[in-house]
Amino acid sequence: MPTVKEVTFNLLRKLGVTTVVGNPGSTEETFLKNFPEDFDYVMALQEASVVGIADGLSQGLRKPVIVNVHTGAGLGNAMGNILTAYLNKTPLILTAGQQTREMLLMEPFLTNIDATQLPKPWVKWAYQPARAEDVPGAFLRAYATAIQEPAGPVFLSLPLDDWDKEMSFDVPVRAVSTRKGPDPVSLKDFANKINAAKNPILIYGGDIARAGKEAWANGVTFAEALGVPVWEAPFCERTPFPETHDLFAGELPAAIGPLSDKLQGHDLIVVIGAPVFRYYPYVPGSYLPKGCDLIQVTDDPDEAAKAIVGDSLVSDASLFFDNVLPLIKKRTTQLKTPLRAVPKVAPQDLPLVPLAVFATLRANTPAEVVVTNESPSNVADFQDQFRFDKPDSFYTFASGGLGWNMPASVGLALAEKKTGRNRPVLCVMGDGSYQYSLQSVYTAVQQNAHVIYVVLQNEEYGILKEFAVLEETPNVPGLDLPGLDIVSLAKGYGATAAHVETTEDLAKAYRDALNFKGTSVIVVPITKKLGNLIQK
C-alpha cells in the first residue's frame, strides 16, 4: 500500500503545488527524504527568510507555496513574516515537523507544545492531524482554506513518524471556488450612492492588484467613467492603479487628521480593495470631512467589520467592478491637468539626498521590472520618482514589520524565472532594514536570482528619528548604526557588491547589475537630513 508521504506528494502534484521553501531540521527530514525530482526545494538560512521568500514566490506565481520550518523554534523565528503574509493575503501552506507521536505525552526535546496555538492569530487555520492517515486530507483542507478570499497562510504541525505509515485509501482532489461576488441589493445601493454624489472620490487598495490584470483594467475604466481623482490607500502593499494616469492623485497620508484634510470638498469616498484605514501615527482629527459619506468594498469580512466609518460591501474587487460598471452613469471629468506634479529635480551634493538616488535609479531602470522598497524614511522621495503604470510591478509589506522585502525580492525573482517573464527585481533597502533578513542574500546567490539590492546608508534609523520628532521623545538610545560594512556582508554570502558615492558611479553600478543577471548589492551613502513623517 502507498505511504502517507506518497499519497501526500501525489495530491500536491495534482494541485500544482510543487515548490517547498524551507530550512531543514531533524523533525522535517522524514518529510524531505528522497525528495521528488519533480518538486523544487528552495533553502534559506533562517526561517524569517524562508517565509519571506515563499511569500514573494507565491505572489509572483499567483498560487500557493509550501513552507517547511523546524518545529516550534523555527516557527518562532518565522513569526514576523508570517504576520506580514497574513496581512498581505498570501496563500502559504506553512508546515513544521513535530516530535514522534510515541513520545508526545512526555513533551520531549523539540516538541512543539500547543503547536496549533503558536502561529495564531496570523494564520487562517491551524491543525495537527489526529492520525497519520489524515495528513493528505489535512493538506487538501489547508490548500482550500488558503486560496479562498481573503487568501492567507495556514499551518500544519506534522509528527515526524507519520510519513512512512501505510494508507488504505486515496484522497481525491476537490475544486473550491476562491472568489465571492457582491450582494445584489448592496451593490445597487452602492451604485445609486455613486450616481447621486456630486463630487465623489476613489481610494484604491491592494485587493485590486491581487485580483489580477482584469481587475486593474476595470479599475481604470471605473475611474474614467466617473472622471474623479484616485488616491492610493495608506501603506498600500501593491500598486492598484497606474500612477502615471492623469486621475492619479498619490498616496494618502496614514494619520486621521491629515487623511481627512486631503479629502475635503468631496461628498462621497469610495474605497475599493483597502482597509478603512491603516492609520499610523496618531494625529487626531475627524475621520471624514464634514458632509462626506464613505462606502467600502473589501474581500475581507474582518476589514468590513472593523471599518471605523462608512458602509461596507464584501466582494472580490474584480467581481465588484464587473457588476457595478453597467449600473454607473458616465460623467465628464472636470480635471484639466494631471493631478500630480512632475518629478522633482534632485540636487547632486554629497552625500547624496535620497531623491538623487531614486532619480538616478529611475533614469536607468528598464520598462519591465519588479520593484520592492523597505527604506521607510524615504518613501515620499521614492514615490516622487518611481511611478508604476503596470500591474504586478511593485510590492512591499502590509504589516510595517521590517525584514520582509529582502527575502520577498528573492521569491519574486524566482517567480520571474519560473514564469519566463525574467524581469529583474530592484530591492531598495535602508541600512537598518537590511540587517533583518540579510541571510536571504545567500539564497538569491545560490538560486542565481536576478536581484539588485540598493542600500541607502545613513548610519541611523531615520524613520525612528522622525517619530522621535513627532512624539517629542528626545535622547532615545539605539537609533544610530555606525560601523556597518554592508559590502563585506554581501560578499560574505557570495553576492557582487559595490560602494558608490556619486550619481555617475551609481548609474554605472546599477547598469552593470542589470546586465549581470545575478545577485548584486550596491551601497550608497546618503545625507542624515530627516524627512517629514506626516506628508500633508
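ALA380 versus ASP311, label points 7 Å from Cα toward the beta carbon: distance in nm?
So the label points at ALA380 and ASP311 sit 3.7 nm apart.
Need one word for region 91-140: rounded, prolate or oblate. Basis is the Cα gyration tensor (sqrt eigenvalues a ≥ b ≥ c); a/c below 1.5 gives rounded, then a/b vs b/c decides. Display every interim value, and only then the final one.
Numbers: a/c = 2.44, a/b = 1.32, b/c = 1.84.
It is oblate, given that a/c is not under 1.5 and a/b is not larger than b/c.
Extending each Cα 7 Å along its Cβ direction at GLU6 and LYS390, get the distance between those two points in nm, one decimal.
Inter-label distance under the simple model: 4.6 nm.
Among rounded, prolate and oblate, which fits region 10-128 when a ≥ b ≥ c are the square roots of the eigenvalues of its C-alpha gyration tensor, a/c under 1.5 means rounded, and a/b larger than b/c means prolate? Don't skip to the end; give the middle numbers.
Working: a/c = 1.76, a/b = 1.25, b/c = 1.41.
Because a/c hits 1.5 or more and a/b fails to exceed b/c, region 10-128 counts as oblate.
Charges at C-beta only: +1 for Lys and Arg, -1 for Asp and Glu. How large is the resulting dipole of region 447-536 about its Cα centre, in Debye rounded to 20?
Numbers: 8 positive and 11 negative charges, 73 e Å.
So the magnitude is around 360 debye.
Please state the relative contact order of region 127-176 as a whole percent: Cα pairs under 8 Å, 6+ residues apart?
Computed value for region 127-176: 46 percent relative contact order.
Which trypsin sites (Lys or Arg not before Pro) in region 91-188 sit in a loop by DSSP (not H, G, I, E or B) and have at most 10 other Cβ atoms within 10 Å of their own Cβ?
Here the sparse-neighbourhood loop sites are ARG174.
Test of understanding: what is the full-extension gain from ALA225 to MET79, defined as 0.36 nm times their sequence separation minus their Cα-Cα distance?
Values: separation 146, 0.36 × 146 = 52.56 nm, distance 4.31 nm.
Using 0.36 nm per residue and subtracting the Cα-Cα distance, I get 48.3 nm.
With the contact rule set at Cα under 8 Å and sequence spacing of 6 or more, what percent relative contact order holds for region 302-458?
In percent, rounded to a whole number, it is 20.
List every residue whose amide H lies under 5 Å from the amide H of PHE394, counting only residues 5 or more places away in sequence or on a different chain, with H placed 1.01 Å from N in the peptide plane.
THR239, VAL371
Cross-link list LYS290/LYS528; LYS124/LYS290; LYS124/LYS517; LYS262/LYS306: which exceed 28 angstrom alpha carbon to alpha carbon? Don't skip to the answer; put the middle values down first.
Values: LYS290/LYS528 40 Å; LYS124/LYS290 38 Å; LYS124/LYS517 37 Å; LYS262/LYS306 22 Å.
Result: LYS290/LYS528; LYS124/LYS290; LYS124/LYS517 exceed 28 Å.
Can you give the charge dipole size of region 278-402 about its Cα centre, rounded to the nearest 20 debye, using +1 on the beta carbon of Lys and Arg and -1 on the beta carbon of Asp and Glu?
Dipole size: approximately 720 debye.
Would you work out what percent of the accessible area of the chain, with all protein chains in place, is carbon or sulfur (probe 1.4 Å)?
On the way: 11520 of 21840 Å².
That fraction is 53 percent.
Within 12 Å, Cβ to Cβ, of LYS290, how many net charges do the neighbouring residues add up to if Lys/Arg are +1 and Asp/Glu are -1?
Details: positive: none; negative: ASP261, ASP267, ASP293.
Summing Lys and Arg as +1 and Asp and Glu as -1 gives -3.
Multiply the residue gap between PHE35 and ASP480 by 0.36 nm, knock off their C-alpha separation, and tell me the result in nm, one decimal place.
Between PHE35 and ASP480, full extension yields an extra 155.6 nm.
At 1.4 Å probe size, with every protein chain present, just tell me what the per residue accessible area of the chain comes to in Å².
Working: 21840 Å² over 536 residues.
Result: 41 Å² per residue.
Hey, got a sec? Which trypsin sites (Lys or Arg not before Pro) in region 232-333 land in a DSSP loop and have at most 15 other Cβ atoms within 10 Å? Walk me through the numbers before you get to the answer.
Working: sites: ARG238, LYS262, ARG278, LYS290, LYS306, LYS329, LYS330, ARG331; in loops: ARG278, LYS290, LYS329, LYS330, ARG331.
Answer by residue number: LYS290, LYS329, LYS330, ARG331.
Counting only DSSP beta bridges with both residues in region 438-536, what percent are antiparallel, rounded to the nearest 5? Let's see the in-between values first.
Details: 1 of 11 bridges.
Bridges in region 438-536 are about 10 percent antiparallel.
May I ask you to list the trypsin sites (Lys or Arg not before Pro) in region 2-89 that are in a DSSP loop and have at most 10 other Cβ atoms within 10 Å of their Cβ?
Values: sites: LYS5, ARG13, LYS14, LYS33, ARG62, LYS89; in loops: LYS33, ARG62, LYS89.
Sparse-neighbourhood loop trypsin sites (Lys or Arg not before Pro): LYS33.
Find how much the distance from ALA217 to THR18 grows on full extension, using 0.36 nm per residue of separation minus their present alpha carbon separation; answer in nm with one decimal.
On the way: separation 199, 0.36 × 199 = 71.64 nm, distance 3.07 nm.
Working it through step by step, the gained length comes to 68.6 nm.
Assuming R0 = 60 Å, what is the FRET efficiency of ASP267 and LYS517, from their Cβ-Cβ distance, to the nearest 0.05?
Values: r = 52 Å, r/R0 = 0.87.
Working from the Cβ atoms, E equals 0.70.
Amide H neighbours of VAL42 under 5 Å, at least 5 residues apart or on other chains, H built in the peptide plane: list them.
Result for VAL42 returns VAL20, VAL21, GLY22.
So, R0 is 35 Å and r is the distance between the beta-carbons of ALA363 and LYS491; what FRET efficiency does that work out to, to 0.05?
0.80
Relative contact order (percent) for the chain, with alpha-carbon contacts under 8 angstrom and 6 or more residues of separation? Before the final figure, lay out the partial values.
Working: 1189 pairs, mean separation 77.7, N = 536.
Answer for the chain is 14 percent.
From a point 7 Å beyond the Cα of LEU339 in the direction of its Cβ, which residues of region 269-291 have a backbone N at a distance under 13 Å?
Counting backbone N atoms under 13 Å from the label point, the list is 269-272.
Based on the Cβ-Cβ distance of LEU325 and VAL173, what FRET efficiency does E = 1/(1 + (r/R0)^6) give at R0 = 45 Å, to the nearest 0.05?
On the way: r = 35 Å, r/R0 = 0.77.
Computed FRET efficiency for LEU325 and VAL173: 0.85.
Counting DSSP beta bridges with both partners in the chain, what percentage is antiparallel, nearest 5? Can you show the working numbers first?
Numbers: 3 of 67 bridges.
Of all bridge pairs located within the chain, approximately 5 percent are antiparallel.
At what distance in nm do the modelled label points of ALA130 and LEU530 sit from each other, each positioned 7 Å from its Cα along Cα→Cβ?
5.8
What number comes out for the charge environment of ARG210, summing +1 per Lys or Arg and -1 per Asp or Glu over other residues with Cβ under 13 Å away? It would help to have the intermediate numbers written out before the result.
Numbers: positive: ARG62, LYS63, LYS89, ARG179, LYS213, ARG238; negative: ASP55, GLU149, ASP207, GLU214, GLU237, ASP299, ASP300, ASP316, ASP392.
Value of the local net charge: -3.
The values are calculated or read from the model by the stated rules, or taken from the named source; none is laboratory data. None of the values given here were measured: they were computed from a predicted structure. Here Cβ is always computed from backbone atoms with ideal geometry, including for glycine, and neighbour counts include all displayed protein chains. Protein only, heavy atoms only, side chains kept; ligands, DNA and RNA dropped before computing areas. Shrake-Rupley method; radii C 1.70, N 1.55, O 1.52, S 1.80 Å.
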